[in-house]
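Below is one structure, written out as structure tokens, with a few remarks after it.
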Amino acid sequence: MDEKIYIFGHKAPDTDSICSSLVMEKFEQNLGLNVEAKRLGKVNKETEYVLNYLGIEAPALLEKVEEGQKVILVDHNEFDQSVEGIENANIETVIDHHRIANFQTKTPLYYRAEPVGCTSTILYKKFKEEGMQIEKKEATLMLSAIVSDTLLLKSPTTTEDDKKALTELAKIAEIDLNEYGIEMLKAGTNLDDFSEEELINLDAKRSEKNGKKFVIAQVNTVSIPDVLKRKEKIETAMRKDIEANDIKVFIFAITDILNSNTQIIVLGEETAVAEKGFAKNLEDNMMFLEGVVSRKKQILPVIDQNL
Ligand code: MN
Ligand code: MN
């Protein structure tokens, strides 16, 4: 048999990264490929809820890849967010719904990017295009990823394609979307077990612009004040990270998934980018962003344009 191809999402994996890796594994296996889903970090509590619901294991942890290792990337493309050694891996395929940045390959590849709300929405289409039947397990995985990335279709990243996919997947999975979706999202909001260091890395996206490194980390909650009880310690952890990694601006976004608002804590030399970008002053290192829930669409572009 051919050498094995690894499939994985980004570091600090979210539900889309884990679920889409597993679904892509199934898709490629259906086509006869020798593939294995992997993960680049600890599974979060929301994803754990999904895996427990299905009674399945998470993919195995992948620490780094050797030169020439064949890989398939889902839910990311930026090397900063990928596995150690990615520069010298052989990237065969990318399925993603993010901007393309800090990315290059040595050889031709299959690259599919669509501006939809979730990687699993693209995978759903791939199953359809191939005329492949979607089993209940894969339907549940894809549905969970879409609920997670679009916050039950409430995020501005949501497209008609996501809605259509989610509706059909719920039928196949025989799942009541509102009941299951809220329970799943809530499972991801219990932050009590995490240290402040872990909190700021749970879902952190690291990137750079003009040689300036920045971080946008995000946590979901049902109560922003609850998270802010730990503000001082969170700021200490952020400052440590800024110092250790030469970060110019670190944004910690606390998103209220029930009311669709976000409170951000901003630290670093370049906090002015947030003030300029959102046309609002920081007070006590914080800013309240009404109606903001999407890092990708509502926070990242603002920082990227102003840094
Ligand atoms: Mn993701
Ligand atoms: Mn995603």
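The values are calculated or read from the model by the stated rules, or taken from the named source; none is laboratory data. Note that the structure is a prediction, hence the values are computed from the model and not measured. No Cβ is skipped: glycine too gets one built from the backbone with ideal geometry, and neighbour counts run over all protein chains shown. Remember, those area values only see protein heavy atoms, side chains included, never the ligands or the DNA or RNA. Shrake-Rupley method; radii C 1.70, N 1.55, O 1.52, S 1.80 Å.
Solvent exposure of the stretch 5-186 amounts to 42 Å² per residue of accessible area, where only protein heavy atoms count and the probe is 1.4 Å.
Report the extension gain between Lys297 and Asn245 in nm, rounded to one decimal, defined as 0.36 nm multiplied by the number of residues separating them, less their alpha carbon distance.
16.2 nm
Entry comment: accessible area of the stretch 196-306 is 46 Å² per residue, from protein heavy atoms only and a probe of 1.4 Å. In summary, the lysines within cross-link reach of Lys4, defined as a Cα separation below 18 angstrom excluding same-chain residues under 8 places away, comprise Lys26, Lys38, Lys64, Lys70.
Evaluating 6.51 cos²θ - 1.76 cosθ + 1.60 at θ = phi - 60° for every residue in the stretch 184-200, the Karplus couplings come out as 5, 5, 5, 4, x, 9, 7, 9, 4, 6, 9, 6, 5, 4, 5, 4, 6 Hz, glycine and proline recorded as x.
In whole angstrom, note down how far apart the Cα centers of the stretch 171-197 and the stretch 248-285 are. Using only Cα atoms, the two centres lie 25 Å from each other.
Using unit Cβ charges (K, R positive; D, E negative) and no other charged atoms, how large, in debye to the nearest 20, is the dipole of the stretch 196-306 about its Cα centre? The calculated dipole for the stretch 196-306 is roughly 340 debye. What does the extension gain come out to for Lys4 and Asn102, with contour length at 0.36 nm per residue minus their alpha carbon separation? Value of the extension gain: 32.7 nm. For the stretch 1-87, the square roots of the Cα gyration tensor eigenvalues, ordered a ≥ b ≥ c, give a/c of at least 1.5 with a/b no greater than b/c, which places it in the oblate category. Specify whether the C-alpha gyration tensor of the stretch 98-194 places it in the rounded, prolate or oblate class, a ≥ b ≥ c being the square roots of the eigenvalues: rounded for a/c under 1.5, otherwise prolate if a/b is larger than b/c and oblate if not. Since a/c reaches 1.5 but b/c is at least a/b, the shape of the stretch 98-194 is classed as oblate. Ligands, DNA and RNA aside, Tyr180 has an accessible area near 10 Å² when probed at 1.4 Å. Here the chain exposes an accessible surface that is 45 percent carbon and sulfur, computed with a 1.4 Å probe and the other protein chains kept in place.
Net length available on complete extension from Asn88 to Ile224 is 44.8 nm, with 0.36 nm assigned per residue and the Cα-Cα distance removed. Remark: relative contact order (the chain) = 13 percent; criterion is Cα-Cα distance under 8 angstrom and separation of 6 or more residues. Applying both filters, DSSP loop and at most 16 other Cβ atoms within 10 Å, to the trypsin sites (Lys or Arg not before Pro) of the stretch 27-67 gives Lys42.
Secondary structure note: in the chain, about 40% of the DSSP beta bridges are antiparallel. Here the dipole of the chain is about 520 debye; that uses its Cα centre as origin and unit charges on the Cβ of Lys and Arg (positive) and Asp and Glu (negative).
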